[in-house]
Structures are given as C-alpha cells and as structure tokens.
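Accompanying notes for the structure given below.
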Amino acid sequence: MDWSSSGRIDSFRYVRVHRGEQGWEEVEELTGITGGTLERNDLTAIKISGSLTYIDEPRIGRDLLRVYSDSLDPQTGERVSIAHGTYLVSTPSSTYRGAIEEGTADLYGVLQLLAEDAFEAPFALPAGRDALLAARTIVEEAGLNVIATPASAKLSSPAVFDDESASKLDVVNWLMSFTGFESATCDGFGNVLLRPYVNPADRAPSFSMRDDDSCVYRSGVVRECDTFSVPNVVTVTCSNASKEQPLTATAVNDDPSSAFSTVTRQRRIVYKESMSDIESESALKLKAEALLAAKTSVAESFEITHAFLPMNMGEVCDFVYDQAGIRRNDLAATRQTMSLRPGMECTTQFQRCTRR
C-alpha cells in the first residue's frame, strides 16, 4: 500500500469481541459510531487508549471493542485492513436529542485489567522462580492472551510485593525489567506482548518521512530541546540479598562527539537508581546503559503531524525536512494520536535516540 497516495479511501469498522472462557471471538459489527481518536503512548503503563463519538451507545457489557481501518488504493485495487486496538469501553455520559442519543465512549487498552487489579495479600515469589513464567502466569490468569519471546531469568532472591501499593501490572513490569524485557505492551488484537528491551539507538530506521513529492507531513514541526540536566553518568545499585556486598554498575557517556558527554561538557551529571534484585552483574550493566540511553533521548523531541503510516511505538524514523535544515535518522516514536476519519491524520511525538 502506498500510504502517501492522496487518493486512498479509508473507512472504519467497530467490532464487538466476546471475552469467552475459551478465547476471544468477534461477534458483531457495531453501528452508530461516528468517529473519534486513538492514542498510543509508550511512556504510560496502559500503552493505548482513545475515545469514540456515537449516536447509538455501543452496548457491549463485559465484552471488548476492536477498531479496524480498511484502506483502498483505487489506482491499484490494493486493500489493507489493520486492527488498531482492542479496548475496554466506558460510556460515562450521553445527551438525548429527541430519539437520538449522542455521547463519547472512553477506551482503555486491555492492560487496564491488570492495572486495576491487585493481589489480596502480599505477593511473594521464591528465589529461583523463572521471572518470565511468573509474569506470563499473572497475565493469563487475568484472562488475557500472551505472546512472549522465550527467555530464562531466575530470581536470585525472594521477591515480595505489597498488596496495598502494587497492582498486578506493576508486578508484571517489575518481572519484565528483571528479565531484561521492555514493559508489557499489546497489539491491535489485544494480545499482551512480552518482549526483550531493544535500545532505539541500536535500531535502524524502519520508515521515512521526507519533504519531497511524496511528503506526508505538515509544516510546523515542533522541536523541544532541554539538555541542561541530561545525565552523562548513570549508576545502578542492586541490594541483592544473595550477595555479601551490593552490586553496582555504572554507564558513562565519554564520547567526544556527543554534546552531552563528560568530555564535551567537562563535568559529570550523575543519575542514580537502586534495584532490589537482578540476575547478574552483566544484566545490571545493561540496565545502567539502557537508563543512560533513555535519559539522553528525552533531551530532544519532535512533534510531527502527518498522514497515517504503519508504525509501532519504538520504531525509528528517517526524517528529512530540507526546508528547515533538519535531517535525522534517529527519531524513535513514543506517542501518537490518530484521528478516525479518512486520511487517519496522526500527531506523533518522536524522541531523538542519541547514540551515547
């Protein structure tokens, strides 16, 4: 599909998904929904949300709502259908105009089921427990489907989670961090994805936006850059009960070509973080390096309004805006708002994934 084609025809389907004991089944297409927006945000725990406007309230009870776009390129006849998300639905208020009921439905990604649930007593995992298996069990017992990348990381010491402050999603994401995975996310069909963390700085661009004949973005690109307090040293300490001394790992940005490095700035800006457990010293070192990369990336961001392009949050864009003198091949998508109308206009926030 040529997503830059101005003649592309987009339409949308809203489907009720039954949450049965034996799996999820699409049971009917809903009518009366007039539009809305969908949001993806890698910086939040729930990851996806949105809202829909309607003239006939979507009455789906305990079931879920899945949003599809169907796109047609009339020049080639190519058709592409994309499931953008599967959601819990809330309709807190509506307005009656005679026989017509108008309202807005709030959408929540399926990770909301884990975020709003908690264990009834302090939750304990013994030393030696496989962290990924424990996380997968929690997710599946909540009635969610899991797609997990195989990995093995066993707890070095017992882990106890307070029943008063930790949600089930908090526990899952702690276990993901221990395993060296990114926080739990989900795909368009509501599957919970448990995947290894990949530093965006190590990713090659997977799509491009350029101000040429096939330009898909608007002028008025917003750039934010606050570099004053960006750390160039990150120290992570792990008070692992199985070790006589706490483990410590430090990552230093000493690259002379980096604007944030200790060499360039001639000063150290230190960020510290502590952990209760980690599988190994090498894993702790990787954690420190990942934190340094993340803290560096936050320094510069770009907000771009553009026609829809298929992308996942975390993917890297090759962005060229020659009229503004901007050429970047290191912009990682972190947040996006998409309009449910033809063209599917998006506003995407990218963070520069600076190589240290």
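The values are calculated or read from the model by the stated rules, or taken from the named source; none is laboratory data. Please read all numbers here as calculations on a predicted model, not as lab measurements. Don't worry about glycine lacking a Cβ; one is built from the backbone with ideal geometry, like all the others, and counts go over all protein chains shown. What goes into the accessible areas is simple: the full protein's heavy atoms, side chains included, and nothing from ligands, DNA or RNA. Shrake-Rupley method; radii C 1.70, N 1.55, O 1.52, S 1.80 Å.
Can you give me the relative contact order of segment 168-209 as a percent, contacts being Cα pairs under 8 Å and 6 or more apart?
Numbers: 32 pairs, mean separation 11.2, N = 42.
In percent, rounded to a whole number, it is 27.
Hey, what's the Cα Rg ratio for segment 206-325 versus the globular rule of thumb, 2.2 N^0.38 Å?
1.40
What relative contact order, as a whole-number percentage, does the chain give when Cα pairs under 8 Å and 6 or more residues apart are counted?
17
Heavy-atom accessible area of residue 133 with all protein chains present, probe 1.4 Å, nearest 10 Å²?
Approximately 90 Å² of residue 133 is accessible to the 1.4 Å probe.
Could you state the accessible area per residue of the chain in Å², with a 1.4 Å probe and every protein chain left in place?
Per-residue accessible area for the chain comes out at 49 Å².
Give the relative contact order (percent, whole number) for segment 96-243; include only Cα pairs under 8 Å separated by 6+ residues.
23
When a/c is below 1.5 the answer is rounded, else prolate if a/b is larger than b/c, else oblate, so apply that to segment 291-336 with a ≥ b ≥ c taken from the square roots of the Cα gyration tensor eigenvalues. Don't skip to the answer; put the middle values down first.
On the way: a/c = 2.10, a/b = 1.23, b/c = 1.71.
Oblate, since a/c reaches 1.5 and b/c is not below a/b.
If I model segment 1-118 as equal point scatterers sitting on the Cα atoms and use the Debye formula, what is log10 I(q)/I(0) at q = 0.10, 0.12, 0.21 Å⁻¹?
Here log10 of I(q) over I(0) equals -0.36, -0.52, -1.20.
So for 82, 55, what's the accessible-area order with a 1.4 Å probe, most first?
The most accessible residue leads, giving 55, 82.
Could you look at the chain and say what percent of its accessible area is carbon and sulfur, using a 1.4 Å probe and all protein chains?
Exposed carbon and sulfur together represent 46 percent of the surface.
Ratio of Rg to Rh for segment 249-308, alpha carbon only, Kirkwood?
Numbers: Rg = 15.1 Å, Rh = 13.7 Å.
Looking at segment 249-308, the ratio lands at 1.10.
Tell me the Rg and the Dmax, in Å, that the Cα atoms of segment 6-62 produce.
14.2, 44
Could you list the GluC sites (Glu not before Pro) in segment 166-246 that lie in coil according to DSSP, counting only those with at most 13 other Cβ atoms within 10 Å of their Cβ?
Here the GluC sites (Glu not before Pro) that fit, given the DSSP loop and packing criteria, are 244.
Using only C-alpha positions, report the orientation-averaged shadow area of the convex hull of the chain, nm², one decimal.
21.6
I'd like the Karplus ³J(HN,Hα) series for segment 149-158: coefficients 6.51, -1.76, 1.60, θ = phi - 60°, whole numbers in Hz, and an x wherever there's a Gly or Pro.
Values per residue, Gly and Pro as x: 6, x, 6, 9, 8, 9, 4, 7, 8, x Hz.
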